[in-house]
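Read through the structure below, which is laid out as structure tokens, and then see the notes.
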Amino acid sequence: MKKMDKIIIRGGKRLSGTLPVSGAKNSALTLLPCALLTDEPLTLRNLPRLADIDGFQHLLNQFGISTSIAGARPEDFGRVMTLQATRLTSTVAPYDLVRKMRASILVLGPMLARAGEATVSLPGGCAIGNRPIDLHLKVLEALGATIELAAGYVRAIAPDGGLPGGRYSFPVVSVGATENALMTAVLCKGKSTLHNAAREPEIVDLCNLLVAMGGQIEGIGTSDLTIHGVDRLHGATYMVMPDRIEAGSYACAAAITGGDVMLKGAKIEDMEATVQALRDAGVFVEPRAGGIYVAADGPIKPVTLSTAPYPGFATDMQAQLMAMLCLAKGSSVLTETIFENRYMHVPELNRMGARIETKGRTAVVHGVDTLTGAEVMATDLRASMSLVIAGLAAEGETQVHRLYHLDRGYERLEEKLQLLGAEIERVGGD
Ligand code: EPZ
């Protein structure tokens, strides 16, 4: 994967076949830092082969954590990684690593819980919004930490006797802040309660791992979590959940081409809002043994929906659904309630012949009969996938540049789409 790689798609092919769904990026990125919570080995299976996972591994190595990848053959999807934080050589996450991957903020809580202090460069914003971390800091303070901000870094410090734990009610649902809170509370001295906590399946995956490591958590899967602190956690071997956003993305890809796909490993209970949106759009969706079967079933129908915290429709699926709705018979209305700037894909889709109007947080997608291939520029992870989805259905050739966005979140994308019969290839950047 080189920075200036691009993907060339010859659109119009009906996609059909079976696709292995990889481990969930947004689960893996919160399971990896759990290695800090014990000096015993943590083995994670079904880790997706993604740039963000490599970046996180490198960050953890900076702290002195050993990591080893077990027997992945080149043709395999997913990897097994064993991590061990026998002793830490640093408690600082430096700017040059954090700026490349804002999920690095997820080491703040576990490092604080393990070492009694943690210093992390403040993650900048990104294309979809300024991504503040105020809720991460407020919940750690509620658990007893002292927070200092200086020179672009945040430093969290535990009292000498250890973090007492505490109670916090989130004013806004935050996946990352809930994750930092959980990874800290498990090793507090006392009990902690979190209210209006995020309920995403990735949070449940994190809770299940922490329990497997000896953590005591009640209310898993609900927005009210009670964590009874324990003195220490032990190692574990754990399977990362399947990626519900990847699965939903490929469902849209199959549907827009009039095709069908068996999403092997996908769990329908993790993605009911996405399934409902696909069914509302006239797409056939059926759980099958070992996955989910998705098939176009007549013309795509327009859909009106708003993104929302789980179990609402995932903001991470908005761009991909919008791409599919470009060819609907009628106008769809999508409202993005989570991030302030998550319509970067719209101008590029319009360059492919879509007719989308945005006004603040709302986008009106007027269905058109055809899309035409074009050279397009990826701006962020999910926007990039929406351009690939549009390119698969467009007449002619589409070139998607700046593939590093895509490589952060989609494991071997072109190989997977080739499995479905897509005419797609990756070429080295000019
Ligand atoms: C996670 O980001 C995901 N990333 C995002 O996926 C996803 O879009 C998001 O959750 C929402 O589901 C990972 O899991 C690595 P939030 P996160 O904290 O934790 C505001 C992708 O494409 N907020 O739930 O950063 C924030 O600005 C990525 O895979 C605060 O105000 O999201 C946003 O409006 C993109 N203060 C809202 O809350 C805070 O301290 C939800 O953000 C934290 C968040």
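The values are calculated or read from the model by the stated rules, or taken from the named source; none is laboratory data. These figures come from a predicted structure and were not determined experimentally. Calculation scope for accessible area: heavy atoms of the full protein, side chains included, ligands and nucleic acids excluded. Shrake-Rupley method; radii C 1.70, N 1.55, O 1.52, S 1.80 Å.
Observations on the structure shown:
- Under 5 Å between amide hydrogens, built in the peptide plane, is the criterion, and for G291 it picks out G265 among residues at least 5 positions away or on other chains.
- Nonpolar atom fraction for the chain, defined as the carbon and sulfur part of the 1.4 Å probe accessible area, stands at 50 percent.
- When the convex hull of its Cα atoms is viewed from all sides, the range 86-236 shows a mean projected area of 8.7 nm².
- Entries in K13/K301; K267/K359; K191/K267 that, when Cα-Cα distance is taken, lie over 25 Å: K267/K359; K191/K267
- q = 0.20 Å⁻¹, the range 73-137: log10 I(q)/I(0) [Debye, one scatterer per Cα]: -0.88
- 3J(HN,Hα) couplings calculated from phi for the range 92-101 with the Karplus curve 6.51 cos²θ - 1.76 cosθ + 1.60 (θ = phi - 60°) are, in sequence order, 10, 9, x, 3, 5, 8, 5, 5, 7, 8 Hz; Gly and Pro show x.
- On the principal axes of its alpha-carbon atoms, the range 5-156 has extents of 57, 37, 26 Å, going from largest to smallest.
- Inverse mean reciprocal Cα-Cα distance (Kirkwood Rh) of the chain, Å: 22.0 Å
- Cα long-axis angle, helix 381-393 against the chain (0 to 90 degrees, to the nearest 10): 20 degrees
- Take every DSSP beta bridge whose two residues both sit in the chain; close to 70 percent of them are antiparallel.
- Axis angle, to the nearest 10 degrees, between helix 201-212 and the longest C-alpha principal axis of the chain: 30 degrees.
- Computed 3J(HN,Hα) for the range 134-139, one whole-Hz value per residue from the Karplus formula 6.51 cos²θ - 1.76 cosθ + 1.60 where θ = phi - 60°, is 4, 6, 4, 6, 5, 6, glycine and proline marked x.
- Seen against the Cα atoms of the chain and their longest principal axis, helix 175-185 is set at about 20 degrees.
- The chain, accessible area per residue, ligands and nucleic acids excluded (1.4 Å, Å²): 37 Å²
- Translational diffusion coefficient (Stokes-Einstein; Kirkwood radius from C-alpha pairs) of the range 348-430 at 25 °C, 0.890 mPa s, in µm²/s: 181 µm²/s
- Between the amide H of M239 and those of R45, distances stay under 5 Å, these residues lying 5 or more places away or on another chain, with hydrogens modeled in the peptide plane.
- Subtracting the Cα-Cα distance of D76 and K359 from their residue separation scaled by 0.36 nm leaves 97.5 nm.
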